[in-house]
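Shown next, in structure tokens, is the structure this report addresses.
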Amino acid sequence: MALGQYHKADSPLHRMDPRFKILVAVVYMLVIFLARELVGLSLALVFLAGAVAASGIPLGLLARSLRPVIAFVVFTFIVNLVFITSGDTLFALGRLAITSGGLSAAAFMTTRLFTLFVSTALLGFTTSPVDLADGIEGPLTPFERFGVPAHEISMMMSIALRFIPILVAEKDRIVRAQTARGADFESGNPLTRMHAIIPVLTPLFLSAFRHAEDLATAMESRCYHGKEGRTRVKTLQPALRDWAAVAALAILTSALVVLRTVP
Amino acid sequence: MPIVLEHVTLRYPGTDPTAHPAVDDLSLVVDDGEYLGVIGHTGSGKSTLVLLMAGLLAATSGRVTVNGADLAERSARRALRRQVGIVFQYPEHQLFADTVAEDVGFGPRALGLTAREAERAVDDALERVDMELCTYGHRSPFELSGGQMRRVAIAGVMATRPDILILDEPMAGLDPAGRAEIAALLRRLHDRGLTVVMVSHDMDDIASLADRVLVLRDGGCFAHGTPAEVFARQTELREIGLGVPHAARFAARLSACGIDVGGTMSTPEALADALASLRTDLGPGREA
Ligand SMILES: Nc1ncnc2c1ncn2[C@@H]1O[C@H](COP(=O)(O)OP(=O)(O)OP(=O)(O)O)[C@@H](O)[C@H]1O
Ligand SMILES: [Mg+2]
């Protein structure tokens with residue numbers, strides 16, 4: 001997934017207050033499910049297209065980040081197409097029938113999935129790990145009263161995100177080293193392939209622990225002791241664009257709600 | 001001739017096309033049994049060059065030939081795994097098995113050797129790095145010292161019996177004793193006829209081990225020759241941010257003081273010899 005793959009740039013979406021950005025993204029992902037017909041879904045897509053345009057992320061990069069989920073999307077499409085039977089039969093092969101209802105359900109489901117993935121990718125591309133953590137800590141803070149460790153959660157998230165690219169690079173290095181020793185990761189049946197992964201996984205885990213230990217030492221030696229008494233370098237301040245995004249989302253939501261009441 | 005590079009260029013995909021490529025129009029021949037030292041500032045393309053030679057990266061343009069096989073073909077790059085061993089920086093970080101013997105045996109097993117052949121290869125490789133199978137074979141690689149772990153990792157590479165060994169900063173992060181161990185090991189392997197390519201930031205290591213030195217600068221060849229030839233260009237090397245061996249610096253200081261030791265000495269031994277002969281030149285009369 002694109003989380004942790006921050007793409008540094010200067011765009012309205014990059015500059016957004018992360019708290020607002022996360023909130024808008026999460027609400028948007030929920031709101032998509034209100035869209036039941038073509039008009040609603042198109043509106044949701046227009047909103048997303050606007051966000052993509054405002055993100056300054058090259059389309060190629062966005063498309064590449066979606067590659068890993070293509071199989072999943074295709075699978076969803078086929079399952080919906082085959083198992084939902086309603087409306088006219090368009091095509092039949094023995095007991096297998098493709099119906100207009102199935103086709104539209106499949107199309108809707110895949111489009112929804114697509115919007116979910118694109119919005120997550122956009123969030124990941126335009127929000128640095130630090131911002132992401134800040135953006136999560138803010139909305140969680142009120143829940144500290146009920147025992148939610150907001151600061152710890154956000155610190156954990158930011159560390160995890162920070163380490164994804166490091167571990168990916170580490171994995172590449174180890175794969176290369178074992179390949180040079182004759183390891184084969186590309187051929188063989190699934191079982192031998194699973195087996196082939198051990199020489200990569202073991203060193204990778206060891207290196208993850210090594211990093212964790214180093215980081216813990218580094219944090220402790222700089223007197224990190226959790227949230228108490230910590231101040232921020234950057235205090236978040238919502239700007240006009242943040243409220244604009246919220247307004248756009250509110251309009252989209254009410255449009256979708258209204259559309260649902262229209263028979 | 002084991003390694004031949006002809007106008008090889010490598011540009012990492014997705015990098016700035018206006019900047020110079022990681023390896024830029026490099027031509028080079030490494031002879032059989034040669035010990036080539038590769039030096040250059042950070043980001044000069046040393047690691048990239050080494051990956052090209054090992055067939056782990058394909059050149060963007062130009063030709064890399066190893067033992068007569070053109071590495072442009074995927075099958076040639078795969079076949080190369082047996083002939084070329086590559087030791088990456090911190091090779092001990094790629095150890096994974098429960099015992100030293102099992103880890104060293106990974107390469108031979110992956111290449112499809114029988115259990116018996118594999119065991120022989122392990123025995124051989126461990127003996128070459130001075131870590132006998134009977135003493136260390138059953139131990140966990142993770143309880144060894146840093147220098148020992150590194151030797152085991154090198155054995156893991158040697159176990160596939162390559163005739164070319166490539167090392168990327170093999171001494172990095174070791175204490176002086178560990179460095180000396182690895183240096184002695186490399187010298188021994190080279191004396192047995194192995195072709196060695198070694199990347200290092202330590203000029204003294206390069207001077208004492210290598211037959212020839214390649215200096216990279218921004219992906220291109222800045223200098224290529226014997227250590228004495230290369231390290232004679234002290235001022236130029238300093239300009240591109242590189243040092244020279246202590247012995248060479250000392251020789252330069254001496255000649256600045258008017259004591260001509262006769263050329264550049266890149267190892268302490270050579271310098272000592274030169275100084276000793278200087279003493280005899282001056283004649284016994286001065287000795288008293
Ligand atoms: N995987 C990669 N993708 C993109 N660029 C890379 C990659 N690896 C290296 N580079 C770039 O290629 C150039 C050469 O890198 P290389 O690692 O070969 O240098 P090096 O001489 O080994 O440096 P060092 O002394 O730091 O190890 C550098 O500018 C580096 O940023
Ligand atoms: Mg390097």
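For residues in segment B:81-103 being among the polar types (S, T, N, Q) and open to solvent by 20 Å² or more (accessible area, probe 1.4 Å), which is nearest to ligand 2 (Cβ to nearest atom)?
Just the residues of segment B:81-103 that are among the polar types (S, T, N, Q), to begin with: B:83, B:89, B:94, B:99.
Keeping just the survivors that are open to solvent by 20 Å² or more (accessible area, probe 1.4 Å) gives B:83, B:89, B:99.
Numbers: B:Gln83: 23, B:Gln89: 7, B:Thr99: 30 Å.
Among residues in segment B:81-103 that are among the polar types (S, T, N, Q) and open to solvent by 20 Å² or more (accessible area, probe 1.4 Å), the one nearest to ligand 2 (Cβ to nearest atom) is B:Gln89.
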Checklist entry - Which one of B:Arg109, B:Arg74, B:Arg78 is open to solvent by 50 Å² or more (accessible area, probe 1.4 Å) and either over 30 Å from B:His7 (Cα atoms) or more than 13 Å from chain A (Cβ to nearest Cβ) (or both)? => result B:Arg109
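Kindly indicate whether B:Pro21 is outside any strand (DSSP E or B) and touching a Ser or Thr at 6+ places or on another chain (Cβ under 6 Å). Spell out how you get there, then give the answer.
Numbers: outside any strand (DSSP E or B): yes; touching a Ser or Thr at 6+ places or on another chain (Cβ under 6 Å): yes.
When the stated conditions are applied, B:Pro21 passes them.
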Next on the checklist: With the requirement that a residue be open to solvent by less than 10 Å² (accessible area, probe 1.4 Å) and more than 16 Å from ligand 2 (Cβ to nearest atom), what does segment B:45-61 give you?
Outcome noted: B:Gly55
Checklist entry - Can we say B:Thr264 is open to solvent by 60 Å² or more (accessible area, probe 1.4 Å) and over 17 Å from the mean Cα position of the chain (by Cα)? => result no
Next on the checklist: Condition first: open to solvent by less than 20 Å² (accessible area, probe 1.4 Å), in a loop (DSSP other than H, G, I, E, B) and within 12 Å of ligand 1 (Cβ to nearest atom). Now tell me which residues in segment B:203-220 satisfy that.
Outcome noted: B:Gly219
Next on the checklist: Tell me yes or no: at least one residue of segment B:155-168 is surrounded by 15 or more Cβ atoms within 10 Å (Cβ to Cβ), of a type outside the set (Phe, Trp, Tyr) and over 23 Å from A:Gly182 (Cβ atoms).
Outcome noted: no
Item to check | Residues of segment B:27-37 satisfying the condition of being away from ligand 2 (no atom under 16 Å from the Cβ) and either on the phi > 0 side of the Ramachandran plot or in contact with a Leu (Cβ under 8 Å, 6 or more places away or on another chain) (or both) | outcome: B:Ser27, B:Leu28, B:Val29, B:Val30, B:Gly33, B:Tyr35
Next on the checklist: For segment B:79-89, check the following and say yes or no: at least one residue is more than 16 Å from ligand 1 (Cβ to nearest atom), at pLDDT below 90 and assigned to a loop (DSSP other than H, G, I, E, B).
Outcome noted: no
Item to check | Those residues of segment A:53-65 which are part of a helix (DSSP H, G or I), surrounded by fewer than 17 Cβ atoms within 10 Å (Cβ to Cβ) and not small (Gly, Ala, Ser), in sequence order | outcome: A:Leu59, A:Leu61, A:Arg64
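Which of the residues that make up segment A:1-46 are part of a loop (DSSP other than H, G, I, E, B) and farther than 23 Å from A:Glu137 by Cβ?
Kept after step one, since they are part of a loop (DSSP other than H, G, I, E, B), are these residues of segment A:1-46: A:1-11, A:16-17, A:35-37.
A:Ala9, A:Asp10, A:Ser11, A:Ala35, A:Arg36, A:Glu37, listed by residue number.
Here's the yes/no breakdown for (1) within 16 Å of ligand 2 (Cβ to nearest atom); (2) within 14 Å of chain A (Cβ to nearest Cβ); (3) assigned to a loop (DSSP other than H, G, I, E, B):
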residue	(1), (2), (3)
B:Tyr12	yes, yes, yes
B:Asp25	no, no, no
B:Ile39	yes, no, no
B:Thr65	no, no, no
Next on the checklist: For segment A:218-240, check the following and say yes or no: at least one residue is touching a helix residue (DSSP H, G or I) at 6+ places or on another chain (Cβ under 9 Å), surrounded by 14 or more Cβ atoms within 10 Å (Cβ to Cβ), away from every other protein chain (no Cβ under 14 Å) and not polar (S, T, N, Q).
Outcome noted: yes
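Just to verify a result, which residue in segment B:12-38, among those that are aliphatic (A, V, I, L, M) and more than 9 Å from ligand 1 (Cβ to nearest atom), is farthest from the chain's Cα centre (by Cα)? Give the derivation first.
From segment B:12-38, those aliphatic (A, V, I, L, M) are B:19, B:22-23, B:26, B:28-30, B:36, B:38; that's our starting set.
If we keep only those that are more than 9 Å from ligand 1 (Cβ to nearest atom) too, we end up with B:26, B:28-30, B:36.
Working: B:Leu26: 18, B:Leu28: 15, B:Val29: 15, B:Val30: 12, B:Leu36: 6 Å.
Checked segment B:12-38; the qualifying residue farthest from the chain's Cα centre (by Cα) is B:Leu26.
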Next on the checklist: Quick check on this structure: which one of A:Ile174, A:Ile164 is out of contact with any helix residue (DSSP H, G or I) (no Cβ under 7 Å at 6 or more places or on another chain) and in contact (Cβ under 8 Å) with a residue 24 or more places away in the chain?
Outcome noted: A:Ile164
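Going residue by residue through segment A:74-83, is there one that turns out to be in contact with a Gly (Cβ under 8 Å, 6 or more places away or on another chain) and open to solvent by 90 Å² or more (accessible area, probe 1.4 Å)? Steps first, please.
Narrowing segment A:74-83 to residues in contact with a Gly (Cβ under 8 Å, 6 or more places away or on another chain): A:80-83.
Filter once more, keeping what is open to solvent by 90 Å² or more (accessible area, probe 1.4 Å): A:83.
Yes, there is a match, as at least one residue in segment A:74-83 is in contact with a Gly (Cβ under 8 Å, 6 or more places away or on another chain) and open to solvent by 90 Å² or more (accessible area, probe 1.4 Å).
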Checklist entry - Any idea which of (1) more than 30 Å from A:Thr261 (Cβ to Cβ); (2) open to solvent by 30 Å² or more (accessible area, probe 1.4 Å) is the one A:Val69 doesn't satisfy? => result (2)
Next on the checklist: Restricting to segment A:155-211, count the residues that are modelled with pLDDT of 80 or more, more than 7 Å from chain B (Cβ to nearest Cβ) and outside any helix (DSSP H, G or I).
Outcome noted: 1
Checklist outcome for this item: Within segment B:132-154, the count of residues that are away from chain A (no Cβ under 11 Å) and more than 21 Å from the chain's Cα centre (by Cα) comes to 12
Checklist entry - What are the residues in segment B:142-175 that are among the charged types (D, E, K, R) and within 23 Å of B:Asp123 (Cβ to Cβ), if any? => result B:Glu143, B:Arg150, B:Arg151, B:Arg161, B:Asp163
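B:Ala256 - would you say it is out of contact with any strand residue (DSSP E or B) (no Cβ under 9 Å at 6 or more places or on another chain), among the small types (Gly, Ala, Ser), without any contact (Cβ under 8 Å) to a residue 12 or more places away in the chain and open to solvent by 70 Å² or more (accessible area, probe 1.4 Å)? Before the answer, list the steps.
Details: out of contact with any strand residue (DSSP E or B) (no Cβ under 9 Å at 6 or more places or on another chain): yes; among the small types (Gly, Ala, Ser): yes; without any contact (Cβ under 8 Å) to a residue 12 or more places away in the chain: yes; open to solvent by 70 Å² or more (accessible area, probe 1.4 Å): yes.
In short, yes.
Go through segment A:156-170 and give me each residue that's over 27 Å from A:His225 (Cβ atoms) and surrounded by 16 or more Cβ atoms within 10 Å (Cβ to Cβ).
Within segment A:156-170, the subset over 27 Å from A:His225 (Cβ atoms) is A:165, A:168-170.
A:Glu170, the sole residue that qualifies.
The values are calculated or read from the model by the stated rules, or taken from the named source; none is laboratory data. Everything quoted here is computed from the prediction, not taken from an experiment. Quick reminder, even Gly has a Cβ in these numbers, built from the backbone with ideal geometry, and neighbours come from all protein chains shown. Calculation scope for accessible area: heavy atoms of the full protein, side chains included, ligands and nucleic acids excluded. Shrake-Rupley method; radii C 1.70, N 1.55, O 1.52, S 1.80 Å.
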